[in-house]
1. Have a look at E50, E14 and point out the one that is in a strand (DSSP E or B) and either surrounded by 14 or more Cβ atoms within 10 Å (Cβ to Cβ) or in contact (Cβ under 8 Å) with a residue 12 or more places away in the chain (or both).
2. Identify the single condition in (1) polar (S, T, N, Q); (2) farther than 30 Å from E93 by Cα; (3) in contact with a strand residue (DSSP E or B) (Cβ under 7 Å, 6 or more places away or on another chain) that T170 does not satisfy, given that it satisfies every other one.
3. Regarding the stretch 176-194, can at least one residue be identified that is in contact (Cβ under 8 Å) with a residue 24 or more places away in the chain, part of a strand (DSSP E or B) and crowded, with 16+ Cβ neighbours inside 10 Å?
4. Inspect the stretch 154-170 for any residue being of a type in the set (S, T, N, Q) and buried (at least 23 other Cβ atoms within 10 Å of the Cβ) and give the result as yes or no.
Amino acid sequence: MSATIRKIIVQVDEVHIEMGQPITPPTRRALAMAVIANPYAGRYSENLDELITIGEELGGLLGDKCVQALGIAPGAAQSYGKAAIVGEGGELEHAAAILHPKLGAPLRKAVEKGAALVPSAKKIGGLGTAVDVPLGHKDAAFVRSHFDAMEARVSDAPRAHEIVVAVVVTDSGRPLPRIGGLQVSEIVGQDGLR
């Protein structure tokens, strides 16, 4: 791994009751975060290839950790998302470099398929900064029941020279979805939209 990883955090959020209604089975979201050194902190570089390579490595690592935390087969994953928080010694483009060019392919492999775009968010912040990782169905972006987000935060990161990279994978949509739209049972999954 070319990334210098200071720590990895994995957590699972399970909702068992919503508005007094039992959720059976519970809706579950897994978040995996890596706190890494930013190789470009404190300096401008025209070329951000090192972060692109790190993003590719982290897509698989964090995606696998989410699937393992949920205890599911990769094909049972339903939605995903990604985000990054860059410490003050970096710039927003560092988050773009780590998230966009190559992180998606290994994440899709970790969740089996993934025809839809991976929703993403990025920001600059200091210790304890939170980011909402946006979520959408992995194979069909028009599935409204899977529009969601999960907050990602590390109490002691990012330090000025670090980046927090977060991936979320779910095995369900929101609890009690009821706003209509394309249903999971209706997904074709060819174009990433329906």
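1. Details: E50 fails: in a strand (DSSP E or B).
Exactly one of E50, E14 is in a strand (DSSP E or B) and either surrounded by 14 or more Cβ atoms within 10 Å (Cβ to Cβ) or in contact (Cβ under 8 Å) with a residue 12 or more places away in the chain (or both), namely E14.
2. Of (1) polar (S, T, N, Q); (2) farther than 30 Å from E93 by Cα; (3) in contact with a strand residue (DSSP E or B) (Cβ under 7 Å, 6 or more places away or on another chain), only one is false for T170: (2).
3. In the first step, residues of the stretch 176-194 are kept if they are in contact (Cβ under 8 Å) with a residue 24 or more places away in the chain; the result is 176-177, 179-184, 187-194.
Filter again for part of a strand (DSSP E or B), leaving none.
No; the residues of the stretch 176-194 include none that is in contact (Cβ under 8 Å) with a residue 24 or more places away in the chain, part of a strand (DSSP E or B) and crowded, with 16+ Cβ neighbours inside 10 Å.
4. Initially, the stretch 154-170 is screened for residues of a type in the set (S, T, N, Q), giving 155, 170.
Next, only the ones that are buried (at least 23 other Cβ atoms within 10 Å of the Cβ) stay: 170.
Looking for residues that are of a type in the set (S, T, N, Q) and buried (at least 23 other Cβ atoms within 10 Å of the Cβ), one finds at least one in the stretch 154-170, hence yes.
Just so you know, all these numbers are worked out from the coordinates, no wet-lab data involved. Fair warning: this is a prediction, and the values are worked out from it, not measured in the lab. Glycine also receives a Cβ, built like all others from the backbone with ideal geometry; neighbour counts cover every protein chain displayed.
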